[in-house]
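The block underneath contains the structure these notes are about, expressed in structure tokens.
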Amino acid sequence: MTDQTVAPTESPIAPRSFLTPALFAVAIFTSASLVFVVQPMVTKLILPMLGGSPAVWNTAMVFFQTALLAGYLYAHLLQRVPSVRLQTLIHVGILVVAALFLPLQIRTLLGEPDTTRPIFWLLGTLAVSIGAPFAVLSATAPLLQAWFAKAAAGTAAGRNPYVLYAASNLGSFLALLSYPILIEPLSALSDQRSAWSIGYGVFVTLVLLLLARLWNTANAQVPSSTASHERSAPIPWMRKLVLILLAAAPSSLMLGVTAHISTDVASAPFLWVIPLALYLLTFVIAFQTRPIIPLPFTLLLHAAAIVAVVATLRLAGSSWIFQFSLHLVAFFLTTLMCHQQLAARRPAPDRLTEFYLLMSIGGVVGGAFTALLAPVLFSSVIEYPLVLLLACLARSNSAVPVSKRDGIMMFAALAVAVALPLTFYLLRYAPDFVAMLGNDGLKRLSLGFLLVAGICAFLIRDRVLPFFAVLAVALMASYQVTGSTNYILTERSFFGVLRVSSTEENDLGGTVHTMMHGTTIHGAQALHPEVACRPLMYYARTTPLGQAALMMQERRPAIRMGVVGQGSGSMATYKRANDSLTFFEIDPVVDEVARNPAYYTYISRCAQGEVATVIGDARLTLQKQPKGSFDYLLIDAFSSDAIPTHLLTREAIASYATLLSDDGVLVLHLSNRHLDIVRPAMAAADAAGLSYLHQVYRSHPDAPDLSEATTEALVITKTPAALADFKADGRWSEWNPGNVKPWTDDYVDLFGAMLRDMRK
């Protein structure tokens, strides 16, 4: 304690002074906007170097959360500097030093990525590319709030500087929404980088103006330790742990729901920013003086959403829009609940930077668990439902004694949940009844059991532990029921979860092994010797991919084949003794599985001669191939149902063309459930001065399951003459892309691709 306490009348934030608090708000808003708009922008810059995997975003988020923690730690430590005036000088100096890293770019000090250890390369590259400006900007929000609390000491505003945190997150939220809607569709990446650098300069100017306003005030000369009459009590260690856990759960869920969404649509910033924007919106609501969604209402909605998720999580076949919406709603309400519980425990203003530091630690813990630890611990993606359930423990418990009704509801819910797997076990002894029900009937039966259990759980939602216990048992029951698929292998890597299942298809001679990546089949092989070397699904001889290979083989006795995306190795069946074939595959696990005779024999037994595999991102590895290397080059790189967009840009397609022989063909496999990627690919081919034809092959309704699949593709050549036999075939046709702009390495509009697909 000293006698240098500042009287309220000396505060620069006097009731009639508007400019200074406005500068605080604008500076915080600007810094938050810059911090969060740069995340999708920089990740988009680095995404092509790692095959467009959704894990790139999750790993990048761990980096951003760690850099945020570093910024918050710096802000916390800076409070120990004797005066606010000196603090501002130090911060401005660091802002100027960080500007030396501008304009933003991906620095290649660590060389090309190592696909066997991509996480360390990605984190290191982000650190040297953007670490300094991002960390120092991240420190601004808690710093300015701390300065505001001191400058406004003795006023109502000074007693609740946390309101500025809502303004900070509002800036972040609006910046993120603007990225997919305005920034990405309307500007190239080079323009985005330049605009961000200008924005950084504007922010530094705002801080200088703020410094000028504070420089001659009495409060600016007050030691930071004496800006109030007395220090509040330290935050107890148990409360610190609770704060960290309340921050960790939403951070983990944000990455979990992002991976769930982006795996089956696209690895694209316009999808990534939705969970992150909702995450920030919950901060805006939670830290308002009067939240527009009060905690009791949040708890009611949260219980309903979690019950719906548990009931439908394992039931495949639902509309993707329904699943997309349901998981986002459940994520939003769970995150809002945790952040409202967090806001209710916020300490006095003099502990503000410590509070934000603890929140940031929680963010890093949650993000690191989902992005770094879970892929090592779990062979499948169970961390998302696991954390969703554990977050239920943050609910407020009712103080009313447990009633007989509560006990009955809990017993009924547990009994129904346990009865679900038992019922399905007994149904194994009633095959006729199962056949009568069919798959749809079994799904409805499962859903009925789970909904009954869920309704009982909802009725005891104010009893935290019973509510959690019922939902946990119900979720385990649903996993038991829907786990009937006979997976003989499950492997998880940075690039996703790969599964091999064994099914019976009588029309294909019995057992068939299918390769699943996410929710999409990436290849299948029948094991019966008579059909074992018959390519199935998209690679059947009747599909555009097979047609093009056979037509090229008709031209000459030996062709050079290149295939981007190995899958189960189905294309190896087309290799004749005199042909050469090279797969380009980013995931080493895929190559290992495809070459293991226990799962697939396309490469080991069906191909005539050796088949090579080059590991790495195809844009990088193809650059090392000599010009004119291939007569047939197939681009078939999928991540679940998502196509890495950097493989479909004007520059990419032009580079593929240089690898073709004079009459060689480039085949783009463009089947997609959610995006119109055909027109941008056509426009890119047009821009590169290439010729092309289009085909949509519809699988024959009488064909055996898995024998072939509906397939959409383009065949591209250097000259129109090289397409003569394709035109004569009759199955290929010309198609105009319309006014769709070609994608480039500097510009991709996936949001527009989704809108076009929805209008079909």
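The values are calculated or read from the model by the stated rules, or taken from the named source; none is laboratory data. Source: prediction; values computed, not measured. Virtual Cβ from ideal backbone geometry, glycine too; neighbours counted across all protein chains shown. For the accessible areas, the whole protein counts, side chains as well, though only heavy atoms, and no ligand, DNA or RNA atoms are used. Shrake-Rupley method; radii C 1.70, N 1.55, O 1.52, S 1.80 Å.
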Go through the range 176-193 residue by residue and tally those that are under 13 Å from Val37 (Cα atoms) and in contact (Cβ under 8 Å) with a residue 12 or more places away in the chain. 11
If Thr542 passes every condition in (1) under 30 Å from Ala55 (Cβ atoms); (2) of a type outside the set (A, V, I, L, M); (3) open to solvent by 50 Å² or more (accessible area, probe 1.4 Å) but one, which one does it miss? (1)
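Only residues that are within 19 Å of Ala607 (Cβ to Cβ) and surrounded by fewer than 22 Cβ atoms within 10 Å (Cβ to Cβ): list them for the range 514-529, please.
Let us first name the residues in the range 514-529 that are within 19 Å of Ala607 (Cβ to Cβ), namely 515, 522-529.
Once the filter is applied, which keeps residues that are within 19 Å of Ala607 (Cβ to Cβ) and surrounded by fewer than 22 Cβ atoms within 10 Å (Cβ to Cβ), the range 514-529 yields Leu527, His528, Pro529.
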Would you mention how many residues in the range 713-745 are touching a Pro at 6+ places or on another chain (Cβ under 9 Å), under 21 Å from Arg698 (Cα atoms) and among the aromatic types (Phe, Trp, Tyr)? 1
Before we move on, is Ile635 surrounded by 19 or more Cβ atoms within 10 Å (Cβ to Cβ), among the β-branched types (Val, Ile, Thr) and either under 23 Å from the mean Cα position of the chain (by Cα) or modelled with pLDDT under 95 (or both)? yes
When you look at Gln623, is it free of Cβ contacts under 8 Å to residues at least 40 places away in the same chain, in contact with an Asp or Glu (Cβ under 8 Å, 6 or more places away or on another chain) and open to solvent by 20 Å² or more (accessible area, probe 1.4 Å), yes or no? no
Residue count, the range 488-513 (criterion: on the phi < 0 side of the Ramachandran plot, loosely packed, with under 15 Cβ neighbours inside 10 Å and touching a residue at least 12 places away in the same chain (Cβ under 8 Å)): 4
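Of the residues Thr542, Thr573, Thr511, only one is farther than 30 Å from Asp662 by Cα and polar (S, T, N, Q); which? Before the answer, list the steps.
Numbers: Thr542 fails: farther than 30 Å from Asp662 by Cα; Thr573 fails: farther than 30 Å from Asp662 by Cα.
Step by step, each of Thr542, Thr573, Thr511 is checked, and only Thr511 is farther than 30 Å from Asp662 by Cα and polar (S, T, N, Q).
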I'm trying to understand the selection: among the residues of the range 286-320, which are surrounded by fewer than 20 Cβ atoms within 10 Å (Cβ to Cβ), β-branched (Val, Ile, Thr) and either in a helix (DSSP H, G or I) or at pLDDT 85 or above (or both)? Ile292, Ile293
If you check Ser733, Ser655, Ser691, Ser661, which single one turns out to be touching an Asp or Glu at 6+ places or on another chain (Cβ under 7 Å) and either hydroxyl-bearing (Ser, Thr, Tyr) or free of Cβ contacts under 8 Å to residues at least 60 places away in the same chain (or both)? Ser661
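Per-residue answers, yes or no, for (1) open to solvent by 30 Å² or more (accessible area, probe 1.4 Å); (2) polar (S, T, N, Q); (3) closer than 25 Å to Ala195 by Cβ:
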site: Val35; (1), (2), (3): no, no, yes
site: Gln39; (1), (2), (3): no, yes, yes
site: Pro48; (1), (2), (3): yes, no, yes
site: Val81; (1), (2), (3): no, no, no
Go through the range 736-760 and report how many residues are without any contact (Cβ under 8 Å) to a residue 24 or more places away in the chain and not in a loop (DSSP other than H, G, I, E, B). 2
Among (1) hydrophobic (A, V, I, L, M, F, W, C); (2) touching a helix residue (DSSP H, G or I) at 6+ places or on another chain (Cβ under 9 Å); (3) surrounded by fewer than 23 Cβ atoms within 10 Å (Cβ to Cβ), there is one condition Val564 misses while meeting the rest; what is its number? (3)
Given the condition over 20 Å from Gln547 (Cβ atoms), of a type outside the set (A, V, I, L, M) and open to solvent by less than 10 Å² (accessible area, probe 1.4 Å), answer yes or no: does some residue in the range 658-673 qualify? no
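Determine whether the range 595-612 contains at least one residue that is of a type in the set (Val, Ile, Thr) and more than 22 Å from Arg499 (Cα to Cα). Give the steps one after another, and end with the answer.
First pass over the range 595-612, keeping only residues of a type in the set (Val, Ile, Thr): 601, 603, 611.
Checking which are more than 22 Å from Arg499 (Cα to Cα) leaves us with 611.
Yes - at least one qualifying residue is present in the range 595-612.
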Residue under question is Thr116, and the condition is that it be in a helix (DSSP H, G or I), surrounded by fewer than 22 Cβ atoms within 10 Å (Cβ to Cβ), under 21 Å from the mean Cα position of the chain (by Cα) and among the polar types (S, T, N, Q); does it hold? no
Criterion first (open to solvent by less than 40 Å² (accessible area, probe 1.4 Å), on the phi > 0 side of the Ramachandran plot and not in a strand (DSSP E or B)) does Leu706 satisfy it? yes
Given the options Asp705, Asp746, Asp676, name the one that is touching a strand residue (DSSP E or B) at 6+ places or on another chain (Cβ under 8 Å), charged (D, E, K, R) and modelled with pLDDT under 90. Asp705
Residue satisfying all of: in the range 175-201; hydrophobic (A, V, I, L, M, F, W, C) and at pLDDT 80 or above; nearest to Leu23 (Cα to Cα) among these: Ile198
Taking Val329, is it without any contact (Cβ under 8 Å) to a residue 40 or more places away in the chain, of a type in the set (A, V, I, L, M), crowded, with 17+ Cβ neighbours inside 10 Å and under 30 Å from Val416 (Cβ atoms)? yes
Name the residue that is modelled with the highest pLDDT, counting only residues in the range 424-467 that are open to solvent by 40 Å² or more (accessible area, probe 1.4 Å) and of a type in the set (Ser, Thr, Tyr). Tyr425
